[in-house]
Every structure is written in structure tokens, then in C-alpha cells.
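First comes the structure, then the notes that go with it.
The values are calculated or read from the model by the stated rules, or taken from the named source; none is laboratory data. Predicted model only: the values in this text are computed from it and were never measured. Because the Cβ atoms are built from the backbone with ideal geometry, glycine has one as well, and the counts that use them run over all protein chains shown.
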Amino acid sequence: MNFVCRIFLSVLLLSAVGVRLPAAEGSKPNIVFILADDLGYGDLGCYGNTENKTPHIDRLAAGGVRFTDFHSNGPMCSPTRAALLTGLYQSRFGRRFESALSGARNDPGLPLEAVTIAEVMRAAGYVTGCFGKWHLGYEAPYLPTNQGFDEFLGLLSGDGDYHTQVDRSGNQDWWKDDAIAMEEGYTTDLLTTHATDFIERHHDRPFFLHVPHLAVHFPWQGPDDPAHRKAGNSYMKDKWGVIPDRSNVRPHLTAMIESLDKSVGVIIAALEEYGLTENTLVVFSSDNGGYLDYAGGFKNISDMGPLRGEKGQVYEGGHRVPAIFSWPGKISASVCRETAMTFDLFPTFARLADVDSANLNHCDGADLRATFFDSKPLDSRSLFWRMGSSKAIRHGRHKLCFIGKKGPELYDLDADLGESNNLADSNPDAVARLTKLLTAWEMDVDASAKAYE
Ligand SMILES: [Ca+2]
């Protein structure tokens, strides 16, 4: 069965189980997924940072499973979000989804016929809420409320001023469901307030709460930094924010990270207040890696830990991200070294909601439950990234990259996490084997994408 047939069969199956279950279906766990934006692999205390104070996220990690080899599907915002929502490689929806959606009015969002995790959870009896950054469509009909979320509040574009909620084109960008609903406040705090309000209103039934924070994407503005953008002006050339000392972005980023950490603490406190802690899986991750020194003249930005590269690249710094799974009483504290990816969350969340595995066969991602519940290894598999003319495959300890028109780069990540020692010349067999797998994957996803071009 080809891919398009499989996805439409899946839609039919979802329709068949689409009768909402009664609210008394209390045994199903709540799921809270908090997604940071552009957070570097080394930006959190629990991932080795000694400057940023992140006690709430560190506490989640200390009591749960902390992955060290977790990857975003893309090294940019929109690609990872498309993969998260669909459980599929974003490339299956066309090459547009391998980079950030532009926001142009002729740049449609995620196809409405895609089956999203929010639609799956809703069909399984969950109330679904998204509070944060969408970046999968800028206007109707490509809105979260048409993609399975009962409630949406936040921004549709890729970034906005944290104080005025104005996007880089000068548009007011703060929405409640399908309408502009501007609010006073700091973006991270506003999203936190609405997320906890959602918990309060729905604490007596299973809920799927997705909090895709804007933090810590630029403009780099901590809570005490000034507003930067006003509606009606264009900020395309100065989208980064106002940093008095461009050589040192870090203090601003630290303030943003600590505000994000505070948000996690407030959401956890809300779960505790309603006695939901032992029936709720909380997952924290990032949509891609952070920044090193940037071409706009900014320096000392994210902490990438030992990794090479940054956001937008297929080196580890672009896509190896923090990932923490916390569920007190159900998940034991451990560090997990299995290789996993954002799109694995789709089948994982769906299976926790008792969705039949037969309805999930179309997914590219894998169910991670046995990994974080029972510390079991995942089946061997290859994982792929492609953005523009750069692409990479990971299989076991090896990673093969093609950066633009340059020749192959082969790294042994077990021995060389920093991707500094290119083994392509000394191991041509591995290069040939992985190139063959990568080529087959490209043919597969490009064939799927024809339905959307
Ligand atoms: Ca991002």
C-alpha cells in the first residue's frame, strides 16, 4: 500500500473510532508536552550548564528519564513541528517543510488532510489545547483549531516581540483560536497563564496540553529587556532584537531561559494542585538546536555543549536537543542513551491514549514507551535529516553528512560527538552503505510529497 493510501486509510480508521469517550474515562493519562524553541543542547543545568538557573527543568530530569541522544526532526522550527504533529518525516509534505515557512500569503501551512496528533488524541477522548507558537500556517484555514486543537492561544508566525507580540513583518500576532486577541504581558508568562488555566478548566477529564513556547527564539528579550517592535513597521532586517552589546547575547538569553524554567515550574505546580501528577506524562524538549556566533554580528549566544554546528545545520548542534520524560510513580529516574526523534512522540502519545497500534502503522516515528518505562532498547533503525542541499543519516554510532556540494563526511558519534574527525576516506564501506539508505529514503519521501506539489 503506498503512503497516500495508508494516510487516507488511517483517516478512515480514526473516523471509525472518532466517537468521543465520556469524561469519566479517567484512567487515561494526561499528556503535557512543553517544547522550547532554539534551546541549545547545553543550555540547561541538567545538560551541563553552570550559568543558567533551571531548577524546575532540572528537577523533572532528576526524577524522570533524561535522553542524551534525542533529536529534533529538523534543524529549524516548522520542519520539527510538522513532524511532531504528523508522526511523519516533514519531507513527505514537500521540500517547503524542510525549512521555516515564510509567512507569505501564498505559502500554505500544514495540509489539512494530514492526520495530526491533536486529532488522534481528540478522537481518543481527550480535550486538546495548544498554547504557544504554531508556525505551520499563517492564516485560515491552516490554523491549530483546524488541525485538531480544541483551543489555541499564541502566535502563528515564527517569532514575535516578547512584549508587544508583533511579528517581524510588523503584524500583530497574538491569537485566540482563529481571531486576533492582543494581550499585555511577556510572551512566556502569558502562555504559562493560559496553559495553567487550561489545566484548571479540564482537570477532571483527559487532556493533551501542548505548550510550544516561543522562548528562547529571537528577538532575544528577557522579561526586563525593552520592547522592540511596533505594529506597522517592518523588522525583517533587525529581527534579532535590541542587544546593546552584540558581542554578548548570553545575559539576555539566560533571562529568557530562566523565565522558561519558571514557566515549567508553574505548570508542574498546577498539575500538583489538581492532584494530577501521578496521572500525567510531562515531556520537555526543543524544536532544534541553538546558535553559536551569528552572521548578524551577534556573539556568545547559546551553549551547545560539546556539539558542532548550530540551528539550520545538519551537524549535531542543529538537531541534538534536550528531552526529558517525567511521570512520578510510573517512570524511574535514569539517563537514556537511545537514539530518538521528535516524531516518535506521535505514536508514543497515541498509544498512551489507547489508540490501536493498527491505526499508527503509517507513522515514521517509533513508540518510545518501553524505552522510558522499562529502559528497553529501541529496534535498530536509520534516522534522516534534509534541509536545502544538506542532508544526513544516522545509523547506530555512525552519521553520514552531505553539506551542500561538499563530499561525504562520516563521523563515529560514540568516539567523536563533536564531529571533528571525518572517517569517509578510511571507511568507504560505511559511506556506501549509508549513502544507499539515504538515497532510498529520499526516493520514498519525495514520492509521498508528489501528492502535495
Ligand atoms: Ca526553532
- [ ] Being touching a His at 6+ places or on another chain (Cβ under 9 Å), touching a residue at least 40 places away in the same chain (Cβ under 8 Å) and assigned to a loop (DSSP other than H, G, I, E, B) is the filter here, so list the residues in segment 127-157 that pass it.
- [x] F149, S157
Open item on the list: Among the residues that make up segment 43-52, is at least one of them away from the ligand (no atom under 16 Å from the Cβ), out of contact with any Asp or Glu (no Cβ under 9 Å at 6 or more places or on another chain) and either in a helix (DSSP H, G or I) or not basic (K, R) (or both)?
Closed with: yes
Task: For H135: the one exception among (1) on the phi < 0 side of the Ramachandran plot; (2) crowded, with 22+ Cβ neighbours inside 10 Å; (3) of a type outside the set (G, A, S) - done: (1)
- [ ] Among the residues of segment 404-419, write down those that are assigned to a loop (DSSP other than H, G, I, E, B) and surrounded by 19 or more Cβ atoms within 10 Å (Cβ to Cβ).
- [x] P408, E419
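For the structure I just gave you, tell me whether K262 is over 24 Å from Y126 (Cβ atoms), of a type in the set (K, R), part of a helix (DSSP H, G or I) and modelled with pLDDT of 95 or more.
Values: over 24 Å from Y126 (Cβ atoms): yes; of a type in the set (K, R): yes; part of a helix (DSSP H, G or I): yes; modelled with pLDDT of 95 or more: yes.
Yes.
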Task: Residue, surrounded by the fewest Cβ atoms within 10 Å (Cβ to Cβ), within segment 86-115, restricted to residues that are within 15 Å of the ligand (Cβ to nearest atom) and either in a helix (DSSP H, G or I) or among the acidic types (D, E) (or both) - done: E98
Open item on the list: Looking for something in contact with a His (Cβ under 8 Å, 6 or more places away or on another chain), at negative phi and more than 15 Å from the ligand (Cβ to nearest atom) - is there at least one such residue anywhere in segment 274-282?
Closed with: yes
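May I ask you to verify whether V242 is at pLDDT 95 or above and aliphatic (A, V, I, L, M)?
no
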Open item on the list: Out of L383, L438, L378, I need the residue that is assigned to a strand (DSSP E or B) and closer than 30 Å to A350 by Cβ. Which one?
Closed with: L383
- [ ] For residues that are touching a Ser or Thr at 6+ places or on another chain (Cβ under 8 Å) and crowded, with 20+ Cβ neighbours inside 10 Å, scanning just segment 367-383, find the one that is farthest from V65 (Cα to Cα).
- [x] L383
